[in-house]
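A.B. asks: Here it is: the structure, laid out below.
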Amino acid sequence: MENIENTVHENSFHLKKTSTAPEQEMKDFWKDLRHFYRTAEKNDEELNSKTYHAALQDVIQKESAYPYKIIENHKEIILEEEENMPLFMLDFIMSSYQIQNRKKFKEDVKRVIEVLKTILDVDSKSSQILKLKENYGFAAEMIAFEKMVDLLPKSAKSDLSKSRIQRLKSILNDLQKFNNFIEKQHGIVVYEKALKTVIEKNLLFKGVRTIEAKTNAFELTEDLFKHEIRSFTILMKAFKMAQLEIEDEYEEEFHDDYFEHFDWHHLQEDELRLFVPILCITDQKYLNNHLTSFGKMMAVNHPVNVVIINQELVSEPNPQLKWVDSSYKFRQEIAALAIAQRNIFTFQSTIAEPALLYEGVKKALGSYAPSLIHISVPSNVRMTTLSRTLLANAANAGRYFPMVQYDPIKFSEWGRRFSITSNIQPTNLWPSYSISIRSEDDEVQNIEMNFTYADYKAIFPEKVKELMIIPAEFETDQLIPVSEFLEMDLKDRFEKIPFIYLADDNHELFKAAVPYVWILSCQERADYWAFLQELAGFNSYKVRLAVEEKNKELNEVLEKEKKKLEEDRLKITQQAEEKAVATAAQRLVNALMEGEI
C-alpha cells in the first residue's frame, strides 16, 4: 500500500467561537466529565440529536482501486469491491496457478516415459511382427516374418540385468500411473460450512477439488495432505530415478538404499512447488474456536495454506465479562501467533489494495512453507454504510488491522523476513495528518492530528454514541488529545481528559471526551503496533540504546580530543608567551648595554 503522507484536506473544517462558561457551570460540567471518563456514564442529549463522525474520516478517504483487472496466463478477471472479492481472487489464482508451473514438468515426464520405453524395448514379438508387415507388406508371400524377428539383432534390453529391468519397469509403471496426478489434480479447497452457500452460488473453484468440512476443517486438511503427498512423492521419486537411469548414473549400491527411504522431505524447493496447492478457507470465528487443531497442523510444517476471511469491524466484547474487564483483554492476533511459530509464511492484508493482496496471496501459495493468509473484508451491513476501502484504510491507520508479511524461507537473516512497510506511515506510532481549520473571522490555521484507534472506532455511528461532546464554552487546557494522553505517565494524567475531534455534516469541529475503557483499547492497539515495529526494526528500543551508546562513546572521544587540543593550545600559548618574554628581555638587555657603550 502506498503510504499516506501528511496532507491538507481540500475542504477545511471550521470552529465556532464562544465565551467561557460561568465558574459554577464549569465546575459542574467538569465534575460530570470526570465521572464520564471513569465510568462511561453520561447524559448527552446532543449526541442523540445530531450526526457526528471522526473528523479525520474525511482526510483518510482514498479513491477506490476498484474495479481491478488481473491478467495472468492469458486469463482475465475483473474484481469488484465487494464482500466475496477474496474468494473470487483465490478462485482465479487456483485456476491458473499451476498452468505455467507444471507445463515443463509434464513435458519432461512424457519425454522420460518414452526414453524408458526405448531402453526397455518394451515392444513384444507380436508387435515387432506387425511393424515388419507394415514396412514390408508388399513381400508378405516371400518373407516369413516370424522367423525374421528371431534373426534380428537383440535389443539393448538383453544387456540389462534382471534387477535393473525390474526397477525400470517399476519406475515406468509409477510414472504412467501417477502422471494422472499432475494432469487432473490442480488444487484442493477445504472450506467450513459457513462458506458453502457463497462458493456454490458463485460457482467458485470449479477447476479444483472442493470439500466441505463437516468435522474439523484443519484436521481434514492435514489428512488430505498426507494422502496427496504420498502419491506425489511416488511420482517425484520415480522421475528422479528415471533421470539417473537415463544418464546411466544409477548406482545400486548407493541409490537403492537412498530411494528405499525416500520421502517428501527429500524434495527440493522447485519440486515441492509442483505439489497440488491445498487451501483451507474459514472465517475468523471458526479459527478462534479451533486454535488448538490449527496450531497442531501448522506445527508439523506441512506445506498447506490456511485462508482466514475476517469480517470484524471492531473487537467483539465478551458478553460474560463486564465492559471494563473486557477492555483489559488483549486481542488475539492470528498473525502474531503464526510468526511466533517461526515456520509459517504469514501474509495479513486488507482489500483496500487489490494489487498488494494479489501479489501477497501468490507468494504465500508459491512458498513451500505452510502459509497463513489473513484477509480483512469489512462487512458494512451492520454498523455503517461507508465503503469497504475507507473501512480498510481506517482499520489500518488506527492499527486495528496492520498489514504484515513474514517469509521464513526467503532470508537467513531473521530481520529481513519480516515487513510492515505496506502500512500507512509505518514508522509512526499513529499516522499524522495536517488539517485546515477556518475560524468565524475567516482565519485559517493548520494543525497536526493523529489518527488513533479511538478515531477509527468513531467512524461508526453506534460507537460515537459512547463519547461525550464537550461544548466550546467548557474547554480548558486540561483537555489532551488521545495520542498525547497515551504518552503521558500515569501520575501526569490526573485531572486530564483525553479527547478526539468529531465533525458534523457541515464540517464543524467538536471535541469529544473519550472514556477510560476506550483508552485501554487504544493502549492495547498501540502496544501491538509497537511490537510489530520492534520486529520490523522501526523505532527499536535496542537500536536506540545502541545508537545512544555509540553517541556517548563518540562524545567521550570528542571530549578527550577537545581537551587534548585545549591542552596543546595552552601549551603552545604558554611557550609563545615565554618566548616573547625572553625575547623582550633580551632586547632590553641589549638596549641597556648599548646605552652604556
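A.B. asks: Please list, ordered by first then second residue, the pairs with beta carbon atoms under 8 Å, 6 or more apart or interchain, first in the stretch 533-550 and closer than 25 Å to Asn396 by Cα, second surrounded by 12 or more Cβ atoms within 10 Å (Cβ to Cβ) and acidic (Asp, Glu).
C.D. replies: Filtered contacts from the stretch 533-550: Ser540/Glu534; Tyr541/Glu534.
A.B. asks: Which condition from (1) without any contact (Cβ under 8 Å) to a residue 60 or more places away in the chain; (2) touching a Leu at 6+ places or on another chain (Cβ under 9 Å) is the one that Asp248 breaks?
C.D. replies: (2)
A.B. asks: With respect to the numbered conditions (1) assigned to a loop (DSSP other than H, G, I, E, B); (2) modelled with pLDDT under 90, which one is the sole condition not fulfilled by Ser95?
C.D. replies: (1)
A.B. asks: Condition first: crowded, with 22+ Cβ neighbours inside 10 Å, at pLDDT 90 or above and of a type in the set (S, T, N, Q). Can you find one or more residues in the stretch 201-223 that meet it?
C.D. replies: Yes, that holds for at least one residue.
A.B. asks: Collect the residues in the stretch 266-291 that are without any contact (Cβ under 8 Å) to a residue 60 or more places away in the chain, outside any loop (DSSP other than H, G, I, E, B) and out of contact with any helix residue (DSSP H, G or I) (no Cβ under 9 Å at 6 or more places or on another chain), keeping them in residue-number order.
C.D. replies: Those that are without any contact (Cβ under 8 Å) to a residue 60 or more places away in the chain, outside any loop (DSSP other than H, G, I, E, B) and out of contact with any helix residue (DSSP H, G or I) (no Cβ under 9 Å at 6 or more places or on another chain): Asp270, Asn289.
A.B. asks: Ok, one more. What is the one condition in (1) assigned to a helix (DSSP H, G or I); (2) at pLDDT 85 or above that Glu566 does not satisfy?
C.D. replies: Result: Glu566 fails condition (2) only.
A.B. asks: Name the single residue, out of those in the stretch 502-541 being among the hydroxyl-bearing types (Ser, Thr, Tyr) and open to solvent by 40 Å² or more (accessible area, probe 1.4 Å), that is modelled with the lowest pLDDT.
C.D. replies: In the first step, residues of the stretch 502-541 are kept if they are among the hydroxyl-bearing types (Ser, Thr, Tyr); the result is 516, 521, 528, 540-541.
Those still in the list that are open to solvent by 40 Å² or more (accessible area, probe 1.4 Å) too: 516, 541.
Working: Tyr516: 94, Tyr541: 73.
Across the stretch 502-541, the extreme among qualifying residues is Tyr541.
A.B. asks: Would you please name the residue that is surrounded by the fewest Cβ atoms within 10 Å (Cβ to Cβ), looking only at residues in the stretch 70-120 that are β-branched (Val, Ile, Thr) and in contact with a strand residue (DSSP E or B) (Cβ under 9 Å, 6 or more places away or on another chain)? Break it down into steps so the answer makes sense when it comes.
C.D. replies: Just the residues of the stretch 70-120 that are β-branched (Val, Ile, Thr), to begin with: 70-71, 77-78, 93, 99, 109, 112-113, 115, 118-119.
Going one step further and asking which of them are in contact with a strand residue (DSSP E or B) (Cβ under 9 Å, 6 or more places away or on another chain), we end up with 70-71, 77-78, 93, 99.
Working: Ile70: 17, Ile71: 8, Ile77: 17, Ile78: 10, Ile93: 20, Ile99: 13.
Top of the filtered list is Ile71.
A quick yes/no check of all residues on (1) buried (at least 20 other Cβ atoms within 10 Å of the Cβ); (2) touching a helix residue (DSSP H, G or I) at 6+ places or on another chain (Cβ under 9 Å); (3) charged (D, E, K, R):
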residue	(1), (2), (3)
Ala355	no, no, no
Ala364	yes, no, no
Arg388	yes, yes, yes
Ala394	yes, yes, no
Ala397	yes, yes, no
Asn423	yes, yes, no
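A.B. asks: Now, a different point. Among Gln268, Gln284, which is farther than 30 Å from Lys214 by Cβ and among the polar types (S, T, N, Q)?
C.D. replies: Values: Gln284 fails: farther than 30 Å from Lys214 by Cβ.
When all the criteria are applied, what remains is Gln268.
A.B. asks: I'm told Gln348 meets every condition in (1) polar (S, T, N, Q); (2) more than 30 Å from Phe225 (Cβ to Cβ); (3) assigned to a strand (DSSP E or B) except one. Can you identify the failing condition by its number?
C.D. replies: (2)
A.B. asks: Here's a follow-up. List every residue pair whose Cβ atoms sit under 6 Å apart, with the two residues 6 or more apart in sequence or on different chains, where the first one lies in the stretch 300-319 and is closer than 17 Å to Gln332 by Cα and the second, anywhere, is at pLDDT below 90 and buried (at least 19 other Cβ atoms within 10 Å of the Cβ).
C.D. replies: Leu313/Pro378
A.B. asks: Can I ask one more? Quick check on this structure: which one of Lys31, Lys17, Lys27 is at pLDDT below 90, open to solvent by 80 Å² or more (accessible area, probe 1.4 Å) and not in a strand (DSSP E or B)? Lay out the reasoning, then the answer.
C.D. replies: Working: Lys31 fails: at pLDDT below 90; Lys27 fails: at pLDDT below 90.
Of Lys31, Lys17, Lys27, the one residue that is at pLDDT below 90, open to solvent by 80 Å² or more (accessible area, probe 1.4 Å) and not in a strand (DSSP E or B) is Lys17.
A.B. asks: Check off (1) modelled with pLDDT under 90; (2) farther than 20 Å from Phe474 by Cα; (3) more than 29 Å from the chain's Cα centre (by Cα) for Asp58 and give me the number that stays unchecked.
C.D. replies: Looking at each condition in turn, Asp58 falls short on (3).
A.B. asks: Where in the stretch 414-511 are there strands (runs of 3 or more DSSP E), lying wholly inside it, with at least 1 residues that are touching a Lys or Arg at 6+ places or on another chain (Cβ under 9 Å)? Lay out the reasoning, then the answer.
C.D. replies: Details: elements: 432-438, 444-450, 468-470, 479-481, 497-504.
Per the criteria, 444-450, 468-470, 479-481, 497-504.
A.B. asks: Which number in (1) under 24 Å from Glu72 (Cβ atoms); (2) touching a residue at least 40 places away in the same chain (Cβ under 8 Å) marks the one condition that Ser387 misses?
C.D. replies: Checking Ser387 against (1) under 24 Å from Glu72 (Cβ atoms); (2) touching a residue at least 40 places away in the same chain (Cβ under 8 Å), the one that fails is (1).
The values are calculated or read from the model by the stated rules, or taken from the named source; none is laboratory data. This is a predicted model, so every value here is computed, not measured. Ideal geometry is used to build each Cβ from the backbone, glycine not excepted, and the neighbour counts take in all protein chains shown. With ligands, DNA and RNA removed, areas are computed over all heavy atoms of the protein, side chains included. Shrake-Rupley method; radii C 1.70, N 1.55, O 1.52, S 1.80 Å.
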